[in-house]
Each structure stands twice: as structure tokens, then as C-alpha cells.
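*Asks:* I am attaching a structure below and will ask some questions about it afterwards.
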Amino acid sequence: MQAIPLTQLKDGHSAIIKDIPVGHDEHITRLRELGLVPGTKIRVVRRAPLGDPIEVAVRGSRIAMRRSEARHIEILPVQE
């Protein structure tokens, strides 16, 4: 299966994080510190009305992130 950016995952669908850049910028580093690391399951909960920010569920928590941050996270969608 081909990796896609997190921004392409539809609301309510899950995926496994394939890659998240190291040292890209402070916001991406903070997401890694919050548990968004390769091999972790992530689910898009919802998006704001204009599509930004995106709310995701990961490791029992919910995190909001900008689309500009989510586009750097490569994922592998999973069948549910």
C-alpha cells in the first residue's frame, strides 16, 4: 500500500504512521513528543468547518494540528 499524507485521510478513518520528519520544525517535533511516531495508529476525528485544524485521536488522546503540519506526516491507511 502506498503512503499518503495525513491530510488525505477521511474523517473517521484510521491509519498507521509511516514517517514523521525529525528536526523539521518545532511544531513537528512537538507532535513527535506527543506520541506521533512511526508505527502508531492514528484516527482523524474531524476537521474544522474550513478544513483547518484537524483533530486526531492517538494513544488515547485527542490532538488538534494544522493542515500545514499534518501534510508532513506520512501514513498507511488501514481497513476497518
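The values are calculated or read from the model by the stated rules, or taken from the named source; none is laboratory data. Computed from a predicted model, the values in this text were never measured in an experiment. Counting neighbours? That spans all protein chains shown, and the Cβs are built from the backbone with ideal geometry, glycine included. To get the accessible areas, we keep the full protein, side chains included, count just its heavy atoms, and leave off ligands, DNA and RNA. Shrake-Rupley method; radii C 1.70, N 1.55, O 1.52, S 1.80 Å.
*Asks:* Which of (1) open to solvent by less than 20 Å² (accessible area, probe 1.4 Å); (2) touching a Ser or Thr at 6+ places or on another chain (Cβ under 8 Å) is the odd one out, the single condition Ala15 does not satisfy?
*Replies:* Condition not satisfied by Ala15: (2).
*Asks:* Can I ask one more? Looking at region 27-35, is at least one residue touching a residue at least 12 places away in the same chain (Cβ under 8 Å), surrounded by 13 or more Cβ atoms within 10 Å (Cβ to Cβ) and closer than 19 Å to Gln79 by Cα?
*Replies:* No, that holds for no residue.
*Asks:* Here is a further query. Residue pairs, Cβ under 9 Å, 6 or more apart or interchain, first in region 57-70 and without any contact (Cβ under 8 Å) to a residue 24 or more places away in the chain, second polar (S, T, N, Q) and outside any helix (DSSP H, G or I). List them.
*Replies:* Ala57/Ser14
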